[in-house]
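Enquirer: Sending over a structure as structure tokens; questions will come in a sec.
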Amino acid sequence: MRVQLLLLMALLCIPFLARPEDGSQLWLRFSKLGKAIHGVDILGIKSADPTVALAKQELLDYWKGAAITLQIDVKQKQLKDGYQINQNEKKIQVVASRPIGLLYAAYHLLRLQETGGQLSSSKIIEIPSYDIRVLNHWDNLDGTIERGYAGHSLWHWAELPKKLSPRYEQYARANASIGINATVLNNVNASAQVLDAGYLAKVKALADVFRKYGIKVYLSVNFSSPKILGGLPDSDPLRKDVQRWWKAKAKEIYTLIPDFGGFLVKANSEGQPGPQDYGRTHADGANMLADALKPYGGMVFWRAFVYHPTKDDRAKQAYQEFVPLDGKFRDNVIVQIKNGPIDFQPREPFNPLFGAMPHTAKMLEFQLTQEYLGFSNHLVYLAPLFREVLDSDTFAHGEGSTIAKMTASSGNLHRETAIAAVANIGQDSNWTGHHFAQANWYAFGRLAWNNTLSSAQIAGEWIGLTFSREEAFVDPVKQIMLNSREAAVDYMMPLGLHHLFAFDHHYGPEPWGDIPGGRPDWMPWYYHNADSLGIGFDRSIYGSNAVAQYNPPLDKRYGVRANCPENLLLWFHHVPWDYRMKSGKTLWTALCYHYDQGVQKVREFQKVWDRMEKHIDPYRFKSVQSKLRMQARDAVWWKDACLQYFQLFSGQPIPYELERPIHDLEELKRIKLPMGHHN
Ligand code: GCV
């Protein structure tokens, strides 16, 4: 009997002992101290402030270093959400001008502790590059996520406001630990319903959880809400009753959520309603909402992602629509611009709007969810893409007018500044589907805080916090991460190719894709223009002249084939198959080499990863290993599909020294992924 009891107890314990490492702790793996090592004193503010209390608690729970004083000095306004850390032998003094600065400083100290960094004796001053550091969730009210690859939405709308999932607070803590202070809860393809009283009560419940972590809630709004919810005949922004409806709605929201952040709007784009439905402009629409939010300090993020099926090049349209409106937006409107002129492709030139509209506040929109980068199946570390964009020189005010500068306070009219990214988070136990996709969430937060950090530094921090600090692990894995984005460009769309993916789900290659009668600007042929002469989109003065939207000298740099950076060559030019590249190879040969190189790089990632087995837990090791296998298979799929299809036009052999295709083109053409989302 006794033995049986013991056996039973042992069996009951197994699940706990063998609990798989599921990645749910993200980069927050500090080990809890049994008992606080040092006191944490608070000066200048009541410790009852929930954010200050939280900062103190995090340090009491996890900080192993010297004693700490947390101090608020409201006079130090220049610190904004930032902080100053001074250290002498015995004590660390943290000064912030707002409570949230103390919490961010606590995470700074813990990050240093966990990554083995040293607190230098000189003082540390950190001031964020952007005031508003925001995640855009594309979460629908039915729990699905547009372009979401990590499970269903985190927000359990049906259970709210009564039941609060523990994940809400974990989410807020993770964001606060990297400085994110804003979240747009719902999809930009917005349901008007989110503004009805029932949903607002749910939104308030989330805002109440997030508040002490310094996170404000924003909502995407449907421009037709006055008509849909308010029963008005239309939603014309110049009509008094429409304006009154929005003012009343703003009042209702702020009564519930006094620190509500504001609205994000996708208008007159991809079928969404907007001011143009009534012959009004984007400025008319944005300003009406801005006026409603203004008394409460709310913001409008108005998206510039607009295009219509016209004869003109899609890449030119946002600029054409927005530049005439320069200077016409209220000061609480920021125009939110995707990093490139098309749509989050593996590589695009920067969006020329960043170098235009000097009298308009502008913000960047990145995409963390890998809509065009292998979903949550491919390991693609996006910091190098973000860096490339931030470092792009717009030449708006001469050389050195980088996007980083143009969007941060220095170049942005001394108004509130912001930066956004489409979230990659869902209900999956590891939050992002792929363990390494967590790094993209992390990297965005870190760059929103400090837009000068290098991709390598962020990767190093993240690996150390998430997996291991052993050099034998950190160095090779960092190399995988740093090379991964270029690998994806190579096996998917090298040399400036874009939009070659399958219609609808955007996962695999379909350069042949064509839907008779479908919108040309949704078809791959519209972009690659492959024919017997060559391949690429002529955006020079001989073609669509999109290059004219770039400031000199970029117009010529991009517009003259010989000057054009080769990694954007086919974005800007239609180039003959036998064109000589700088390497001496012909374009066709170079294209083959790029696709091949992409495949070889992923194979190399597999080899490196397999050697890492002894350094980490078996669960995450195996999960990443199997995803790399899938990535390698997909890379071959992309290469075989694109090269064999383009070969029909080039009429040339794949260089004989390269791997041969293993799929038949006809077989690849038959692949149809049944769902919008392939996971
Ligand atoms: C939210 C692309 C995506 C859409 C997305 C849109 C946008 O077109 O495929 O799913 O819609 O961008 O950013 O508004």
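The values are calculated or read from the model by the stated rules, or taken from the named source; none is laboratory data. Everything numeric here is computed off the predicted structure, so don't read it as measured data. Every residue, glycine as well, gets a Cβ built from its backbone with ideal geometry; the counts of neighbours run over all protein chains shown. Heavy atoms of the whole protein, side chains included, go into the accessibility calculation; ligands, DNA and RNA do not. Shrake-Rupley method; radii C 1.70, N 1.55, O 1.52, S 1.80 Å.
Enquirer: So what are region 27-126's ellipsoid semi-axes, whole angstrom, largest first, if each one is the square root of 5 times an eigenvalue of the alpha-carbon gyration tensor?
Expert: 20, 16, 12
Enquirer: Treating only the Cβ of Lys, Arg, Asp and Glu as charged (+1, +1, -1, -1), what charge dipole size does the chain show about its Cα centre? Round to the nearest 20 debye.
Expert: It works out to roughly 1840 debye.
Enquirer: Distance between the C-alpha centers of region 521-565 and region 187-223? Whole Å please.
Expert: Going from one Cα centre to the other spans 42 Å.
Enquirer: Let me ask something additional. Give me the mean projected area, in nm² to one decimal, of the convex hull enclosing the Cα positions of the chain.
Expert: Values: hull surface 136.8 nm².
That works out to 34.2 nm², a quarter of the Cα hull's surface.
Enquirer: Would you kindly work out the equivalent ellipsoid of region 160-294 from its C-alpha gyration tensor and give its semi-axes, the square roots of five times the eigenvalues, largest first in whole Å?
Expert: 28, 15, 13
Enquirer: Related question: By how many nm would the segment from Arg415 to Gln625 grow when fully extended, if each residue of separation counts as 0.36 nm and the alpha-carbon distance is taken off?
Expert: So the chain would gain 71.0 nm between Arg415 and Gln625.
Enquirer: Taking amide H positions as placed in the peptide plane 1.01 Å from N, state which residues far from Leu43 in sequence (5 or more) or on other chains have amide H under 5 Å from it.
Expert: For Leu43, whose amide H was placed from the backbone, the distant partners under 5 Å are Leu70, Gln71, Ile72.
Enquirer: Would you be so kind as to identify which of Gly214, Phe305, Phe263 lies farthest towards the positive end of the dipole of region 132-453, taking Lys and Arg as +1 and Asp and Glu as -1 on Cβ and the Cα centre as origin?
Expert: Gly214
Enquirer: Given labels modelled 7 Å from the Cα in the Cβ direction, how far is it in nm from Ala158 to Ser122?
Expert: For the pair Ala158/Ser122, the computed spacing is 5.8 nm.
Enquirer: Could you tell me whether region 474-617 comes out rounded, prolate or oblate from its Cα gyration tensor? Rule is a ≥ b ≥ c as square roots of the eigenvalues, rounded for a/c under 1.5, then prolate if a/b exceeds b/c, otherwise oblate.
Expert: It is prolate, given that a/c is not under 1.5 and a/b is the larger ratio.
Enquirer: Given the options Pro494, Trp525, Gly513, identify the residue whose Cα lies farthest towards the positive end of the charge dipole of the chain (+1 on Cβ of Lys, Arg; -1 on Cβ of Asp, Glu).
Expert: Pro494
Enquirer: Okay, helix-only estimate at 222 nm for the chain: each DSSP H run of n ≥ 4 adds -39500 (n - 2.57), divide by all residues, round to 500 deg cm²/dmol; what do you get?
Expert: -11500 deg cm²/dmol
Enquirer: Sticking with this one: Kindly work out what percent of the DSSP beta bridges joining two residues of region 270-411 are antiparallel, to the nearest 5. Write out the running numbers ahead of the final one.
Expert: Details: 1 of 10 bridges.
About 10 percent, rounded to the nearest 5.
Enquirer: Considering the options Pro50, Ala456, Met630, tell which one lies farthest towards the positive end of the dipole of the chain, charges being +1 on Lys and Arg and -1 on Asp and Glu at the Cβ, about the Cα centre.
Expert: Farthest towards the positive pole: Pro50.
Enquirer: How big is the antiparallel share of DSSP beta bridges in the chain, given as a percent to the nearest 5?
Expert: Taking every DSSP beta bridge within the chain, about 25 percent pair in antiparallel fashion.
Enquirer: What's the carbon and sulfur percent of the chain's accessible surface, probe 1.4 angstrom, rounded to a whole number?
Expert: The nonpolar share, carbon plus sulfur, comes to 54 percent.
Enquirer: Quote the relative contact order of the chain in percent (integer), defining contacts as alpha-carbon pairs under 8 Å separated by 6+ residues.
Expert: Numbers: 1312 pairs, mean separation 78.9, N = 679.
Reported as a whole number, the value is 12 percent.
Enquirer: Within the set Lys601/Lys622; Lys163/Lys294; Lys266/Lys405; Lys75/Lys294, which residue pairs have Cα atoms separated by over 21 Å? Display every interim value, and only then the final one.
Expert: Details: Lys601/Lys622 19 Å; Lys163/Lys294 32 Å; Lys266/Lys405 25 Å; Lys75/Lys294 25 Å.
Violating the 21 Å Cα-Cα cut-off are Lys163/Lys294; Lys266/Lys405; Lys75/Lys294.
Enquirer: What's the FRET efficiency of Asp610 with Asn189 using the Cβ-Cβ distance as r and R₀ = 45 Å, to the nearest 0.05? Could the numbers behind the result be given before it?
Expert: Numbers: r = 41 Å, r/R0 = 0.92.
Calculated transfer efficiency: 0.65.
Enquirer: What is the extension gain from Glu146 to Ala67, computed as 0.36 nm multiplied by their sequence separation minus the C-alpha to C-alpha distance, in nm to one decimal?
Expert: Working: separation 79, 0.36 × 79 = 28.44 nm, distance 4.67 nm.
Between Glu146 and Ala67, full extension yields an extra 23.8 nm.
Enquirer: Counting DSSP beta bridges in region 132-453, what percent are antiparallel, to the nearest 5?
Expert: Numbers: 2 of 33 bridges.
Once the DSSP bridges in region 132-453 are tallied, antiparallel ones form about 5 percent.
Enquirer: For a Förster distance of 60 Å, can you work out the FRET efficiency between the beta-carbons of Leu256 and Ala562, rounded to the nearest 0.05?
Expert: With R0 = 60 Å, the Cβ-Cβ based efficiency is 0.50.
Enquirer: A further question on this structure: For Lys362, which sequence-distant residues (separation of 5 or more, or a different chain) have an amide H within less than 5 Å of its own amide H, given hydrogens modelled in the peptide plane?
Expert: Val335
Enquirer: Which GluC sites (Glu not before Pro) in region 330-402 sit in a loop by DSSP (not H, G, I, E or B) and have at most 10 other Cβ atoms within 10 Å of their own Cβ?
Expert: Sites meeting the loop and neighbour criteria: Glu399.
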